[in-house]
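*Asks:* My questions will all concern the structure given below.
The values are calculated or read from the model by the stated rules, or taken from the named source; none is laboratory data. Keep in mind the model is a prediction, meaning the values are calculated, not measured. Backbone-built Cβ (ideal geometry, glycine too); neighbour counts: all protein chains shown. Only protein heavy atoms, including side chains, enter the accessible area calculation; ligands, DNA and RNA are left aside. Shrake-Rupley method; radii C 1.70, N 1.55, O 1.52, S 1.80 Å.
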Amino acid sequence: MTYIIDGKKIASEIRNEIKNQAQSLLDRGIIPTLAVILVGDNRASRSYVNSKHKACLENKINSVKIELAENISEENLLQEIEKLNNDNSVHGILVQLPLPKHINSEKILEAITIEKDVDGFNPINVGKLTLGTAELIPCTPLGIMSLIESVEENIEGKNALVIGRSNIVGKPVASLLLQKNATVTIAHSKTKNLSELIARADIIVSCVGIAHFLTDEYNYKNTATVIDVGNNYKDDKLVGDVDFEKVKEKVKHISPVPGGVGPMTITMLMYNTILAQKVQNNK
Ligand code: NAP
């Protein structure tokens, strides 16, 4: 029988642990604090920032929202980040993407000090992730690994297929799976033999961004674990990359959308905020 990986439940267990750790910091007079910068008034970005803010407050993490005008100059934004870098009461800094076109996002991400880079997107942290020495790992990939590890006792030697090679999901997930000694294949839009790769995969992470991209027409191992990262809309309904109802009949473990990777991402942001505090104070 197929096991549905319950991201909400796993996220809630991790949140309880985060809340306990936040409380023990508070007891020692340390207020774990995340600063989130929102530039402009993009509706989706505002909604993501509000969800992060709410989750932090629910889990005893102080959240500071910094709202800046759409037409802020790159230089002024860099100055805001520098202020937060130097503020000892702030442990994590996140700049909500995308930024307005006149701002160079790479330059902004590089400006966040690596010990406060809770999104893990500073190029130094990206490099450390590849080396296997990163302390702060991007939130969605970290959440995906928790979901996989909740059902796969031993990843070592397993064939893992990551479909998608973005810098924010595909590549970091592939690095993390490799660190766990999986044999990792990364597929992308130019991959020619996807069905063969799917047929031999023990673990499939789909981060493509196309509704119902993985159908039941592929042959899956009946022992496979499938993690669906996709956040897509079909007929106004949130769906993943996987045709869940059909594919679930063919594999052993599968994560749904909604209720799979989604709840893990903000949870891991809070996890990283607590971790960032430790990294800064153990320096
Ligand atoms: P992205 O930057 O658009 O990357 C998509 C990847 O899919 C690319 O590497 C692309 O290949 C590959 N691809 C496209 N068509 C393909 C095909 N026919 N066969 C194989 N590979 C194909 O997207 P992303 O930012 O990684 O996000 C992926 C999905 O995850 C989106 O739905 C996004 O909303 C979702 N997401 C969810 C969360 C969450 O918290 N739940 C977080 C982040 C992202 P090329 O490189 O060759 O173009």
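*Asks:* Please state which of the following conditions residue 259 fails to meet, knowing it meets all the rest: (1) more than 16 Å from the ligand (Cβ to nearest atom); (2) surrounded by fewer than 19 Cβ atoms within 10 Å (Cβ to Cβ); (3) under 16 Å from residue 143 (Cβ atoms).
*Replies:* (1)
*Asks:* Related question: Mind checking which residues of the range 215-235 are open to solvent by less than 10 Å² (accessible area, probe 1.4 Å), within 18 Å of residue 151 (Cβ to Cβ) and within 12 Å of the ligand (Cβ to nearest atom)? Show your work before the answer.
*Replies:* The initial filter retains those residues of the range 215-235 that are open to solvent by less than 10 Å² (accessible area, probe 1.4 Å), namely 224-228, 230.
Checking which are within 18 Å of residue 151 (Cβ to Cβ) leaves us with 224-228.
Within the range 215-235, 227, 228 qualify.
*Asks:* Against the definition (closer than 23 Å to residue 63 by Cα, assigned to a helix (DSSP H, G or I) and either open to solvent by 30 Å² or more (accessible area, probe 1.4 Å) or assigned by TED's automatic domain parsing to the domain that holds residue 36 (or both)), how does residue 115 come out, yes or no? Before the answer, list the steps.
*Replies:* Values: closer than 23 Å to residue 63 by Cα: yes; assigned to a helix (DSSP H, G or I): yes; either open to solvent by 30 Å² or more (accessible area, probe 1.4 Å) or assigned by TED's automatic domain parsing to the domain that holds residue 36 (or both): yes.
Yes: the conditions hold for residue 115.
*Asks:* Pick from 143, 170: which is closer than 26 Å to residue 6 by Cα, touching a residue at least 12 places away in the same chain (Cβ under 8 Å) and touching a Gly at 6+ places or on another chain (Cβ under 6 Å)? Spell out how you get there, then give the answer.
*Replies:* Values: 143 fails: touching a Gly at 6+ places or on another chain (Cβ under 6 Å).
Matching residue, one of 143, 170: 170.
*Asks:* Please specify each residue of the range 29-47 satisfying the condition of being under 25 Å from residue 83 (Cβ atoms) and either among the charged types (D, E, K, R) or out of contact with any Leu (no Cβ under 9 Å at 6 or more places or on another chain) (or both).
*Replies:* Going residue by residue through the range 29-47, those that are under 25 Å from residue 83 (Cβ atoms) are 29-42, 45-46.
Within the range 29-47, 29, 30, 33, 41, 42, 46 qualify.
*Asks:* Additional query: Could you check, for the range 144-161, whether at least one of its residues is closer than 25 Å to residue 190 by Cα, over 16 Å from the mean Cα position of the chain (by Cα), crowded, with 23+ Cβ neighbours inside 10 Å and not basic (Lys, Arg)?
*Replies:* Residues of the range 144-161 that are closer than 25 Å to residue 190 by Cα, as a first pass: 144, 158-161.
Still in the running and over 16 Å from the mean Cα position of the chain (by Cα): 158-161.
Adding the requirement that they be crowded, with 23+ Cβ neighbours inside 10 Å leaves 160-161.
Add one more test, that the residue is not basic (Lys, Arg), and what stays is 160-161.
Looking for residues that are closer than 25 Å to residue 190 by Cα, over 16 Å from the mean Cα position of the chain (by Cα), crowded, with 23+ Cβ neighbours inside 10 Å and not basic (Lys, Arg), one finds at least one in the range 144-161, hence yes.
*Asks:* Which of the residues that make up the range 1-50 are of a type outside the set (A, V, I, L, M), surrounded by fewer than 20 Cβ atoms within 10 Å (Cβ to Cβ) and in a loop (DSSP other than H, G, I, E, B)?
*Replies:* Once the filter is applied, which keeps residues that are of a type outside the set (A, V, I, L, M), surrounded by fewer than 20 Cβ atoms within 10 Å (Cβ to Cβ) and in a loop (DSSP other than H, G, I, E, B), the range 1-50 yields 2, 6, 28, 29, 40, 41, 42.
*Asks:* Filter the range 163-194 down to residues that are within 11 Å of the ligand (Cβ to nearest atom) and hydroxyl-bearing (Ser, Thr, Tyr) and give me whichever is nearest to residue 124 (Cα to Cα).
*Replies:* Looking at the filtered set, the residue picked out is 166.
*Asks:* In addition: Give the residue that is modelled with the lowest pLDDT, with candidates limited to residues of the range 267-282 that are over 12 Å from residue 120 (Cβ atoms) and open to solvent by 40 Å² or more (accessible area, probe 1.4 Å).
*Replies:* 282
*Asks:* Being in contact (Cβ under 8 Å) with a residue 12 or more places away in the chain, among the polar types (S, T, N, Q) and under 12 Å from residue 164 (Cβ atoms) narrows it down to one of 195, 206, so name that one. If you could, list the steps in order and put the result at the bottom.
*Replies:* Details: 195 fails: under 12 Å from residue 164 (Cβ atoms).
Every option except 206 fails the conditions.
*Asks:* What pairs come out if I take residues in the range 256-275 that are more than 16 Å from residue 13 (Cβ to Cβ) and pair them with residues that are surrounded by fewer than 24 Cβ atoms within 10 Å (Cβ to Cβ) and aromatic (Phe, Trp, Tyr) whose C-beta lies under 6 Å away, six or more apart or interchain?
*Replies:* The qualifying pairs are 256/244.
*Asks:* Just to be sure I understand the filter: pairs with C-beta atoms under 6 Å, separated by 6 or more residues or on different chains, first member in the range 124-135 and assigned by TED's automatic domain parsing to the domain that holds residue 178 and more than 14 Å from residue 178 (Cβ to Cβ), second member of a type in the set (Ser, Thr, Tyr) and modelled with pLDDT of 95 or more. Which pairs pass?
*Replies:* Once the first residue is assigned by TED's automatic domain parsing to the domain that holds residue 178 and more than 14 Å from residue 178 (Cβ to Cβ) and sits in the range 124-135, no partner that is of a type in the set (Ser, Thr, Tyr) and modelled with pLDDT of 95 or more comes close enough.
*Asks:* Also, quick follow-up: Out of curiosity, is residue 278 under 14 Å from residue 21 (Cα atoms), away from the ligand (no atom under 11 Å from the Cβ) and more than 18 Å from the chain's Cα centre (by Cα)? Talk me through it step by step, then tell me what you get.
*Replies:* Values: under 14 Å from residue 21 (Cα atoms): yes; away from the ligand (no atom under 11 Å from the Cβ): yes; more than 18 Å from the chain's Cα centre (by Cα): yes.
Considered against the rule, which asks whether it is under 14 Å from residue 21 (Cα atoms), away from the ligand (no atom under 11 Å from the Cβ) and more than 18 Å from the chain's Cα centre (by Cα), residue 278 comes out as yes.
*Asks:* Then there's this: Residues 99, 94, 78: which one is crowded, with 21+ Cβ neighbours inside 10 Å and over 24 Å from residue 271 (Cα atoms)?
*Replies:* On the way: 94 fails: over 24 Å from residue 271 (Cα atoms); 78 fails: crowded, with 21+ Cβ neighbours inside 10 Å.
The unique qualifying residue is 99.
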